[in-house]
1. Tell me, how many Å apart are the Cα centres for segment 229-296 and for segment 182-222?
2. Report Rg(Cα)/(2.2 N^0.38 Å) for the chain, keeping two decimals.
3. Can you give the FRET efficiency to the nearest 0.05 for Phe39 and Lys61, using r as the Cβ-Cβ distance and R₀ = 22 Å?
4. Mind checking the full-extension length gain between Glu344 and Trp357? Use 0.36 nm per residue of separation minus the Cα-Cα distance, one decimal, nm.
5. Would you mind calculating the gained length between Arg231 and Glu23 on full extension (0.36 nm times residue separation, minus the Cα-Cα distance), in nm to one decimal?
6. How many nm is it between the label spots at Leu224 and Lys187, if each spot is 7 Å from the Cα in line with the beta carbon?
7. As I understand it, the value is the acute angle between the Cα axis of helix 159-168 and the longest principal axis of the Cα atoms of the chain; what does it come to in degrees, rounded to 10?
8. Return the FRET efficiency for the residue pair Phe109, Phe30: r is the Cβ-Cβ distance, R0 is 30 Å, and the value is rounded to the nearest 0.05.
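Laboratory data are not the source of any read-out in this text; all were calculated from the coordinates shown. Keep in mind that what you see is a predicted model, and the values were worked out from it rather than measured. Cβ placement follows ideal geometry from the backbone for every residue including glycine, while neighbour counts extend to all protein chains displayed.
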Amino acid sequence: MKRIYLDYSATTPTDPEVIKAMEPYFFEKFGNPSSIHSFGQEAKKAIEDAREILAKFLGAKPEEIIFTSGGTESDNFALFGVAYALEKKGNHIITSAIEHHAISEPAKFLEKKGFKVTFVKVDKTGLIDPADIKKAVTDKTILISVMHANNEIGTIQPISEIGKIARERGVYFHTDAVQTAGHILTKVGELNVDLLSLSAHKFYGPKGVGALYVRKGTRIENFLRGGDQERGKRASTHNTSGIVGLGKAIELASEKMEEEANFQIRLRDKLIKEIPRKIPEVYLNGHPTKRLPNNVNYSIKYIEGESMLLNLDMLGIAASTGSACTSTSLEPSHVLLAIGLPHEIAHGSLRFSLGRWSKEEDVDYLLEHLPEIVEKLRAMSPLYQKK
Ligand code: PLP
């Protein structure tokens, strides 16, 4: 049976070149990077090399990079770190209604602890209006956190404009760039951000490793306490092989990013054009142009996303109904509800995400089989019968 992976936004395979770069750091060069001896020092050197590669990629300084265990930790670190460093200055945080749970859950937790959080709304394409952010800022605002691009519907936010507003008002600005780093430009200077999260497994690096960029001078409390790794900013023995893998993955991304994005945009637009031609009553979610090169998200009326996923899986096609982290919950996605979809339509949504090893024939295979699956499921749907 064919196996077609169209779920690159959930995670990517680790590039074989990344695995090759990581391999020596499991046995041959296994030393603890904090050790003084040569075993430790060769591991430390590898980490500092990866830090330099990542810093250059982001247009940052190496000392502004903190390696973490992934996107979730980086997001939690940014929110809790700034909230607790600045709690005497103010207790107000602004974020959006469509953030990943790695942001919205810490934000809700901070609310319980006495902070005030404004969840700014988005329009029906998932876009935030920077004017709404401007209006929400008060004298008590200490942090704005808005994701660079949404993981479900792919909408890319006007980060640079929001960053200007934050700077004018003297408020720190964080962006969750987990879906964009390694895929589109994420230069911190152009984005006007003070903090930025990324995660290696979204750009062909290993799972369980990421980074938080923290602009020099930004006040932030430690999130993990213990040893003095990462210049005392993040305790725990370094994940040397993971960090080396992240560095290699970023190096590959800087070489391939533009070409890959152009290829994915072509396949993405083919799907966006052909799906409504072949299937009636489908609606594109997300912004028509300001969207991730690899993201296609359609609501297919009268059927459940989960039944479509199972039927696609039987044909070897891997897709998603939204965020992999919540795919076990039966609640419709908060992102789809935030763009104004009614529950029953939000339930019938599918995300296809392309990546480094996607092929035109994968897209053609999907286009060949999706209409028959939809037809079969609609024939069984009471909602469709009633129509
Ligand atoms: N933020 C966004 C936008 C994501 O898509 C994800 C992962 O799906 C995360 C954060 C969490 O990253 P990680 O899986 O590395 O913890």
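1. Centre-to-centre (Cα) distance: 14 Å.
2. That works out to 1.01 for the chain.
3. According to the calculation, E is roughly 0.20.
4. Using 0.36 nm per residue and subtracting the Cα-Cα distance, I get 1.3 nm.
5. 72.3 nm
6. Label-label distance for Leu224 and Lys187, simple model: 3.2 nm.
7. 40 degrees
8. Given R0 = 30 Å and the Cβ-Cβ separation, E is 0.25.
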